[in-house]
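Everything below concerns the one structure shown next.
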Amino acid sequence: MPELVFFSGTMDCGKSTLALQIGHNRSARGLQGVIFTRDDRAGEGKLSSRLGLVTEAVEADEDMDVYAHLVDHITRGGRADYVIVDEAQFLAPVQIDQLARVVDDLGLDVFAFGITTDFRTKLFPGSQRLIELADRVETLQVEALCWCGARATHNARTVGGEMVVEGAQVVVGDVNQLAGEVGYEVLCRRHHQRRMTSARARAGALSPDVLPVTPG
């Protein structure tokens with residue numbers, strides 16, 4: 001039976017790499033898939049991994065009817081044996097409903113990959129709808145690590161190394177950004193609640209433990 005499967009996790013847990021691997025494995029067996037993405041770090045119409053792998057994809061903008069797009073693709077003679085959706089957290093809930101219809105009406109497996117919560121620890125609407133509708137929700141087994149070495153469970157938005165907790169839910173950025181730019185970092189719950197990023201931890205480690213004493 002075809003399924004809607006949601007692969008979720010924090011940043012740096014290998015979601016896009018797994019999406020590319022699933023596509024590769026199926027194409028090696030002669031299957032053809034349609035890949036959707038939204039706001040990928042590599043630019044419009046790309047599915048990319050931090051390992052450097054990249055492939056072409058269909059940019060699923062906010063106005064796209066994903067189900068209608070696939071019906072049109074098939075009607076025009078295109079082939080679709082499965083569907084991959086990366087950055088699925090950015091899709092609107094109605095687009096997740098359309099993915100469920102792809103499974104139920106077109107009989108295609110849909111593999112969706114995305115982050116569950118945003119930098120404020122709030123569910124992305126697309127991820128929430130996936131949790132509500134998916135046949136299976138799989139947590140990625142590659143654990144991202146906080147700077148302290150603990151399992152990272154939360155995504156943090158940073159500006160110049162400082163964690164921010166206000167702003168638009170979607171601001172495209174990446175890990176390893178230059179100072180002053182919007183970036184993201186994965187943290188354990190304890191350090192997310194304390195707003196303790198790796199930059200702040202390094203700064204604290206470099207600070208003297210005691211005040212210097214001037215000889216009298």
Report task. Search the range 38-65 for residues being in a strand (DSSP E or B) and out of contact with any Asp or Glu (no Cβ under 9 Å at 6 or more places or on another chain), and hand back the single one that is surrounded by the fewest Cβ atoms within 10 Å (Cβ to Cβ). Result -> Glu56
Query - Yes/no for Ile96 being buried (at least 19 other Cβ atoms within 10 Å of the Cβ), in contact with a helix residue (DSSP H, G or I) (Cβ under 9 Å, 6 or more places away or on another chain) and part of a strand (DSSP E or B) - result: no
**Report entry** Ile35 vs. criteria in contact with a strand residue (DSSP E or B) (Cβ under 9 Å, 6 or more places away or on another chain), part of a strand (DSSP E or B) and open to solvent by less than 40 Å² (accessible area, probe 1.4 Å)
**Finding:** yes
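Yes or no, residue by residue, for (1) modelled with pLDDT of 65 or more; (2) closer than 18 Å to Phe124 by Cβ; (3) under 21 Å from the mean Cα position of the chain (by Cα):
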site: Val159; (1), (2), (3): yes, no, yes
site: Glu166; (1), (2), (3): yes, yes, yes
site: Gln177; (1), (2), (3): no, no, yes
site: Gly183; (1), (2), (3): yes, no, yes
site: Leu187; (1), (2), (3): yes, yes, yes
site: Arg190; (1), (2), (3): yes, no, no
site: Ala203; (1), (2), (3): yes, no, no
site: Ser207; (1), (2), (3): no, no, no
site: Leu211; (1), (2), (3): no, no, no
Query raised in the report: Does the range 81-92 contain any residue that is more than 18 Å from Glu3 (Cα to Cα), touching a residue at least 24 places away in the same chain (Cβ under 8 Å), open to solvent by 40 Å² or more (accessible area, probe 1.4 Å) and within 19 Å of the chain's Cα centre (by Cα)?
Result: yes
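The values are calculated or read from the model by the stated rules, or taken from the named source; none is laboratory data. Because the structure is a prediction, the values reported are computed rather than measured. Glycine gets a Cβ as well: all are built from the backbone with ideal geometry, and neighbour counts include every protein chain shown. Only protein heavy atoms, including side chains, enter the accessible area calculation; ligands, DNA and RNA are left aside. Shrake-Rupley method; radii C 1.70, N 1.55, O 1.52, S 1.80 Å.
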